[in-house]
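The values are calculated or read from the model by the stated rules, or taken from the named source; none is laboratory data. Since the structure is predicted, the reported quantities are computational estimates derived from the model, not experimental observations. Because the Cβ atoms are built from the backbone with ideal geometry, glycine has one as well, and the counts that use them run over all protein chains shown. We work out accessible area using only protein heavy atoms, side chains counted, and drop any ligands, DNA or RNA first. Shrake-Rupley method; radii C 1.70, N 1.55, O 1.52, S 1.80 Å.
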Amino acid sequence: MEIPDYDKALYYTLWGQWDELLVLMVRTGDDMLSKKIQLFLHAYHYSPEQVKIIESHDNLLYYIDHAMKYTPPIAMEV
């Protein structure tokens, strides 16, 4: 069973797994998700302003939430 990129992105973002988030940024097929992750990781590592970091973090979470609303749920195979 494959876990969708949005679930992975949410998990990695909430638990601070930046290395895994970077790998997901490169591998995902969703260009917008990739860009949101890139903007957040760049702000996190290089921005001296905490407001920019929080804003990019929130933008990433908002996008993930929006995308998950339009992604069909996973059905388990029995």
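Scanning for something out of contact with any helix residue (DSSP H, G or I) (no Cβ under 8 Å at 6 or more places or on another chain), among the charged types (D, E, K, R) and at pLDDT 95 or above, does the stretch 12-21 turn up at least one residue? Yes, there is a match, as at least one residue in the stretch 12-21 is out of contact with any helix residue (DSSP H, G or I) (no Cβ under 8 Å at 6 or more places or on another chain), among the charged types (D, E, K, R) and at pLDDT 95 or above. Taking the criterion of being in a helix (DSSP H, G or I) and open to solvent by less than 80 Å² (accessible area, probe 1.4 Å), the residues of the stretch 46-64 that qualify are Ile53, Ser56, His57, Asp58, Asn59, Leu60, Leu61, Tyr63, Ile64. For the stretch 28-45, filtered to residues that are closer than 14 Å to Thr13 by Cβ and free of Cβ contacts under 8 Å to residues at least 24 places away in the same chain, the residue that is surrounded by the most Cβ atoms within 10 Å (Cβ to Cβ) is Ala43.
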